Structures are given as C-alpha cells and as structure tokens.
Amino acid sequence: MNNLEIKIAKKAGFCFGVQRAIELTEKAIKEDKEVYCWGDLVHNPGVMKGLQKKGLRIINDLEKLPERKVFIVRSHGMTLEDLEIVNKKKSKVINTTCPFVIKAQTLASKFKEAGKQILLLGDKNHIEVRGINSRAENQALIVNGIDDLFLIKNKLKGKIAVICQTTQKNSKLEEVVEKLKEWKNDFEVNNTICLDTTNKQKEVLELGEIDILIVLGGLHSSNTTKLAEIGKNKKVKTYHVEKAFDIFKSWFEGSERVFITAGASTPPSEIKKAKRVIENFCF
Ligand code: SF4
C-alpha cells in the first residue's frame, strides 16, 4: 500500500478541561497517599491505567469511599446528592469540574429559581446531565434529540430555557430549536455545548475529500462517539477505535486520504502512535 496521505485534526485530543483534571489529580496524588475517584476520571483506558499506576484509587460504589480521604470530582461534575455522600465522609474534595460544565449547572439553578421550565438536551444517564439536572432540583425535562422532544411535547408549558450537555452535537440543538419555533413555544436558548466540542465537530463537518476517518478515543466517551456519528452521517468510512493498535491494515486498501481525529480524553501520544501505525501500513 502506497501514497496514503494522513492528516490529523488541529483540535484532536485532550481538551483543556480534561488536561486540567489530570494535572490536579496528579498533584493530589503527589501530595496525598490516598486519592479516590468515583469511576474513571477520563474515558480513556490508557490514561486511566497510567493514573492508577501513579496511585489513583478507583471506587465504583460511592458508599464505599473510606472516611477522611482525598476525593476527586471529575471534569463532568456530579449530582448534589452524591456530593453530599462525599461530604458526609469528611473527604477533602478536589473539584475538577470543567468551567463549561459549571456554567451549565449554574444556569440550571438560575432558571429553576426563576420558575422556568428547563429543557436539557443530553443523555439522561450521563453523569454530567444528572449533575446539571440536580441543580434544577431534578425537574428538568431531558431529551436526547428530536424524537424525545415529541414524547414530552405536552409538558412544554410556560417559559422554557434550553440548555445542553457540553458534549452534545450542535446539529441536534438546531433541530430542537427549529421544532420549538414551529410549535410556537416561549423559549430561550443557552448553547452550553463547550468550545472544544464545537471545534472538534466543526473540523469533521468541514472535512473535504477523504476516504477514511479514524476517530480515536474511549468507546463510552460522549464527545468521541459524536465525532464518529458525524463522520458516518457524512457517509465517510469511519472507524472509532480506543487505541492506535486497534487499527487494521485492511481498512486502507484502495484508500488515498486518511483523517485522524480524537476525543477530548485522548492523549497526544496515542494520536502520534496512530499516525505511525498507519504509516507503517504503507511499507
Ligand atoms: S469536553 Fe468540554 S466540557 Fe468536557 S471537560 Fe473538555 S472542555 Fe470541559
């Protein structure tokens, strides 16, 4: 296989929120012996392995958090109810919630106080969405797209404030807004999709002629999955892989142009490795 042109997205990989969460966690590990995180700090198995090697302890059940230890709140935040459990354990809390997520949380409590009906665009099972909803006393109407919107149409009353999970697709927000306009709802839109997500999506949306799109990042990562969805919607042959070594030579037969992008939890080293793996297929 020869003459494969490989381009890497300018915005591929770590966002500022994830970078900051990792740095604060590493600092905490250096300063304290027992640092705990509830689930994965970032949706990337390689990064998690590295952090655990350095000493980060992962718990899956918050009730099992030992007392008086250091606890990391992840970049996508958590619910007020769960935070209460952490506080009851007299933990020293290191809050790495990304400022973009804090903005969505703050708007949720502001709109709740103002008596507005909050329409939250996001995945109701995602920790970030649950965290935002808890700031609205768990009263937000959560939709993950236009299909869900039809299901709650009758509940859309009074003044509506739309907010979004930070890693949502901008196109989904546009569809929801169009529908609310059509239904003549009284609404305001607060696009809380973060800048990093928007920029990454834009690069894939504006892709010129390419044969293959490689999306690197955790299979459960919301922002990474959206990048792969955008590629597939554009009818580009898209592969979403967690690591560089999951890429297969056979995918590139007859291809000339490859574009690599990566989710917000993918380290630069993995992106370089993916490029090297594909380059090696050419010889
Ligand atoms: S994806 Fe966006 S909201 Fe999430 S941590 Fe990164 S910058 Fe913050």
Original post:
Out of (1) touching a residue at least 40 places away in the same chain (Cβ under 8 Å); (2) farther than 24 Å from Q105 by Cβ; (3) more than 21 Å from the chain's Cα centre (by Cα); (4) surrounded by 14 or more Cβ atoms within 10 Å (Cβ to Cβ), what's the single condition that is false for F187?
Top reply: (2)
Original post:
Here are A12, A28: which of them is under 15 Å from the mean Cα position of the chain (by Cα), modelled with pLDDT of 95 or more and surrounded by 14 or more Cβ atoms within 10 Å (Cβ to Cβ)?
Top reply: A12
**OP:** Please verify whether segment 46-60 includes one or more residues that are closer than 30 Å to K157 by Cα and within 15 Å of the ligand (Cβ to nearest atom).
**Re:** no
Subject >> Unmet criterion (only one of (1) away from the ligand (no atom under 16 Å from the Cβ); (2) part of a helix (DSSP H, G or I)) for V162 >> reply: (2)
Subject >> Which listed residue, of A136, A104, A108, is buried (at least 16 other Cβ atoms within 10 Å of the Cβ) and away from the ligand (no atom under 16 Å from the Cβ) >> reply: A136
Original post:
Could you give every pair whose Cβ atoms fall below 8 Å, whose first residue belongs to segment 3-29 and is at positive phi and within 16 Å of the ligand (Cβ to nearest atom), and whose second residue is assigned to a loop (DSSP other than H, G, I, E, B) and hydroxyl-bearing (S, T, Y), counting only separations of at least 6 or pairs across chains?
Top reply: G13/T266
**OP:** Could you pull out the residue among N223, N199 that is assigned to a helix (DSSP H, G or I), over 12 Å from the mean Cα position of the chain (by Cα) and within 11 Å of the ligand (Cβ to nearest atom)?
**Re:** N199
**OP:** With respect to L213, determine if the residue is part of a strand (DSSP E or B) and within 15 Å of F259 (Cα to Cα).
**Re:** yes
**OP:** Name every residue in segment 154-168 that is touching a strand residue (DSSP E or B) at 6+ places or on another chain (Cβ under 9 Å) and of a type outside the set (G, A, S), in order of residue number.
**Re:** K155, L156, K157, K159, I160, V162, I163, C164, Q165, Q168
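Under the condition of being of a type in the set (K, R) and within 25 Å of the chain's Cα centre (by Cα), which residue from segment 149-178 is surrounded by the fewest Cβ atoms within 10 Å (Cβ to Cβ)?
Residues of segment 149-178 of a type in the set (K, R): 153, 155, 157, 159, 169, 172.
With within 25 Å of the chain's Cα centre (by Cα) added as a condition, the list becomes 169, 172.
Details: K169: 25, K172: 20.
The residue in question is K172.
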Original post:
Looking only at residues in segment 61-101 that are within 16 Å of the ligand (Cβ to nearest atom) and surrounded by fewer than 16 Cβ atoms within 10 Å (Cβ to Cβ), which one is nearest to I118 (Cα to Cα)?
Top reply: P99
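The values are calculated or read from the model by the stated rules, or taken from the named source; none is laboratory data. Worth saying up front: this structure is predicted, and the values here are computed from it rather than measured. Cβ coordinates were reconstructed from backbone atoms using ideal geometry, including for glycine residues, and neighbour counts include every protein chain displayed.
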